[in-house]
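In what follows, a structure is listed as structure tokens, so that the remarks can point back to it.
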Amino acid sequence: MVSDLAGGRRPRPGTDRGGATLSITRTLAAFASEASAIPDAVVAETKRLVLDTLGCILGGWTTAKGRLAAELVADLGGATQAAVYGSGLRVGADHASFANAELANALDADAGFLNVAHVVPIVLPAVLATGEAVGAGGRQILEAAIVGLEIAGRLALAMTPVSEGYDGARTRYVVGPVCGYGYAALGAAAGAGRLRGLDADRMASALGLAAYYCPVPSVLKWLRTTPFSMVKYAPMGWTAQAGVTAALLAAKGYTGDTSVLDSGRDFAQFWGSDRFETTYLVEGLGSEWDSIRWLNYKSEPLCNLYRPHVGLLSRLRREEDLLPGEIEEVVLRMHAPAGANRPYAGAPPTTQEGAHMSAEFGVALALADIPRGPRWADLSLLSDPDIQRLMRKVRIEGNPPTTKVTYRPWKGESIAEILKRAPAEVEVKARGQTFRRTAEYAYGDMWAPPKLYFTTPDLVGKFSEMSRAVLPEEQRSEVVRLVLDEFENLNNLDPLVRLLRGNGAESHAVRNPESEGLRHA
């Protein structure tokens, strides 16, 4: 679809219509407002991403985290501009963004960016809610989603802490002390701002406001604190709402810091990041679509760290025709520090948020052929004797080849070269033999060989399983058709919203404080 990232990028700020050179912040603002001629392949992939995200939102109704987020916005009330999907609840666009973002990430099944960044469940809910609020058509919404994801993805490339090699020996681990996803608020602001018709000047203010509103980087603190809380590694709902609010204020003329991304002394410094490579923000902007090139889909609700291993395990079982009862031991080899510092370190998870961070639980569910959907967060399965036996057979070790996966910018390497590789090994002892499988990439990585491509049947199957508890089969099929075949031609989101009403809120008792029922469409 698009060529690989070039090494040794150099900043190329844009120009305004008079030919004057623009700053980085204003270059991104102009792109968000004016980008056109988006490749058909990028638009088509974004439709698939919309379907995947809607499935994650609907699946999120099976979690307490998701239901409580919906309950909060029902309690807050206010305008009835946009839907909380899976229910008849309608609230303001900012509150709908909050609830849908929380639901989208609740099961950790949402698509990722280069296996490290969760920007999709922030940007897409913000864009969809804003698109519904302003009555935008399907093509407008897709274009807004694309520019929002592009800006969020480029910020991930510019800021994600990574390992760096020194003389081929000494390294620092891929996740540094300052790690978070709050920068995706700028992507949400860009997408929402485009739908609200912001010109480049007001869009620059929207980006500046979102930068000041984004939450602090909280990934490592959350990972070190068990049992895991519902806020997860980053407050997805709050971040999406921040972006939508920034766009709303900028539309009214509220000004923001329009130089906020212009150097490492600006946004990165007040956010606490020691890495901010601004070249990634502008190089190839409008011609190279990083948002899609470095996208990865998940087949199951599970941390990206273990995704390649579960894929290898499934492949090994299929090729060797292994039965769960024949398996004596499963060894997962991954990045050594990751294996040594896992949050649960072999203990069973105690919260739904911990379920998808437990390698042992995920492997056991895969081996037991539990459908790869909301049941993967069902902690009642921990009492199943078969699941318990399988969990005890799982062991985690460091994978020596991962020490070679280091970032060497002095050799002209791009950050994507380190982030896209996930050397993984699975070893299974069964039938008196030892079986091994290795992989450099995971199933669903857009940059991986074609045999690992997340196909449309894969996508439809995942959506069906994720949404099964909320939508009847006929509605599920119609949502798939509408999103994949008709989305670009929609005059507004009303037909899709009607299909997505489901029974999520009704079956989970989300009510307003006065018990007057939901605010229905």
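Taking the average, over residues, of other Cβ atoms within 10 Å as the packing measure, peptides 30-39, 68-77 rank 68-77, 30-39 from highest down. How large is the accessible surface per residue of the range 407-501, computed with a 1.4 Å probe and reported in Å² as a whole number? Per-residue value: 48 Å². With 18 Å as the limit, the listed pairs 429/462; 65/298; 65/232; 221/298; 420/451; 298/420 have 429/462; 65/298; 221/298 beyond it between alpha carbons. Rolling a 1.4 Å probe over the heavy atoms of the protein chains gives the range 46-128 an accessible area of 15 Å² per residue. With a ≥ b ≥ c the root eigenvalues of the C-alpha gyration tensor of the range 203-263, is it rounded (a/c under 1.5), prolate (a/b larger than b/c) or oblate? Judged from the Cα gyration tensor, the range 203-263 comes out oblate (a/c at least 1.5, b/c at or above a/b).
Scoring 51-62, 354-365, 270-281 by mean Cβ neighbours within 10 Å over their residues and listing the highest first yields 51-62, 354-365, 270-281.
Measuring nothing but how far apart in sequence close Cα pairs (under 8 Å, 6+ apart) lie, relative to its length, the range 210-285 scores a relative contact order of 25 percent. As a calculated quantity, the FRET efficiency between residue 288 and residue 440 at R0 = 25 Å, using C-beta atoms, amounts to about 0.65. The simple spin-label model puts a point 7 Å past each Cα toward its Cβ; for residue 384 and residue 80 those points are separated by 4.2 nm.
Label the range 414-479 by shape, choosing from rounded, prolate and oblate, from the square roots a ≥ b ≥ c of the eigenvalues of the Cα gyration tensor; if a/c is under 1.5 it is rounded, and otherwise prolate applies when a/b is larger than b/c, oblate when it is not. Here the range 414-479 falls in the oblate category. The apolar share of the surface of the range 232-291, taken as the fraction of accessible area on carbon and sulfur atoms (1.4 Å probe, ligands and nucleic acids excluded), comes to 48 percent. How much of the accessible area of the range 40-87, probe 1.4 Å, is carbon plus sulfur, in whole percent? Answer for the range 40-87 is 53 percent, counting heavy atoms of protein chains only. For the pair residue 369 and residue 315, label points projected 7 Å from Cα toward Cβ lie 2.2 nm apart. When the surface is traced with a 1.4 Å probe over the full set of protein chains, residue 47 keeps roughly 20 Å² accessible. Counting Lys +1, Arg +1, Asp -1, Glu -1, what net charge surrounds residue 460 among other residues with beta carbon under 11 Å of its beta carbon? So the surrounding residues net to +1. If R0 is 56 Å, the Cβ-Cβ spacing of residue 326 and residue 275 corresponds to a FRET efficiency of close to 0.75.
Charged neighbours of residue 180, selected by a Cβ distance under 12 Å, balance to +2 (K, R count +1; D, E count -1).
The residues of the range 251-394 have, on average, 38 Å² of accessible surface per residue, using a 1.4 Å probe with all protein chains present.
The values are calculated or read from the model by the stated rules, or taken from the named source; none is laboratory data. Everything numeric here is computed off the predicted structure, so don't read it as measured data. Every residue, glycine as well, gets a Cβ built from its backbone with ideal geometry; the counts of neighbours run over all protein chains shown. Surface areas here come from the heavy atoms of the whole protein model, side chains and all, with no ligands, DNA or RNA. Shrake-Rupley method; radii C 1.70, N 1.55, O 1.52, S 1.80 Å.
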